[in-house]
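The values are calculated or read from the model by the stated rules, or taken from the named source; none is laboratory data. Since this is a predicted model, take the numbers as computed values, not measurements. Every residue, glycine as well, gets a Cβ built from its backbone with ideal geometry; the counts of neighbours run over all protein chains shown. These area figures cover heavy atoms from the full protein model, side chains too; ligands, DNA and RNA do not enter into them. Shrake-Rupley method; radii C 1.70, N 1.55, O 1.52, S 1.80 Å.
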Amino acid sequence: MVSVFVEAAVPAIFTLDGSGTGPAAAINAVNNRVVGSNNPLHAGDYVELYATGLGATTNRGGLDYANQQPTVTIGGQDCPVTYAGRAPGYVGLDQINCIVPAVPTVPLGVPVVIVTSGARSSNVATLAVQ
């Protein structure tokens, strides 16, 4: 007999370059464009982050919401989450929508993004914010 411990959630942010540490796979919900140096986010913008590993979901109103609400930080500031669950129409792709906080400026305006769900934190990705 083998015992296996299964985590409820093990989040990971997808990155545009596939490195796991580069620019986060994210859409600026204000203009529906990929976030990058040519399309940075601003405080108050809504961002859609793409990830995997948010764990089990419950369907409510046609959307599959994550049973464990993740937290998101951008540049060390809390990013209020408005939705977390399966990306509509996709299998194995999670989506987290949140409101970009005011963040201190850093070189190139690219703070880190960390998603935490349960006891696990994601990889650290970057996000263009002005």
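Brief remarks follow.
- For residue 88, net neighbour charge (Lys/Arg +1, Asp/Glu -1) across residues whose Cβ lies under 14 Å away: -1
- By average C-beta atoms within 10 angstrom, highest first, the peptides 34-41, 47-54, 15-22, 63-70: 47-54, 63-70, 34-41, 15-22
- Cβ-Cβ FRET estimate between residue 31 and residue 90, R0 fixed at 22 Å, reported to 0.05: 0.55
- Antiparallel content of DSSP bridges confined to the chain, in %, to 5: 95
- Amide hydrogen proximity for residue 93: with H placed 1.01 Å from N in the peptide plane, the residues at 5 or more positions away or on another chain lying under 5 Å are 87.
- Working from Cα pairs under 8 Å separated by at least six residues, relative contact order for the chain is 30 percent.
- Here the chain has 57 percent of its accessible surface on carbon and sulfur atoms, given a 1.4 Å probe and all protein chains in place.
- Approximate shape of the chain as ellipsoid semi-axes (Cα gyration tensor, √5λ), whole Å, largest first: 25, 16, 13
- Other residues with beta-carbon under 15 Å from the beta-carbon of residue 50 carry, at +1 per Lys or Arg and -1 per Asp or Glu, a net charge of -2.
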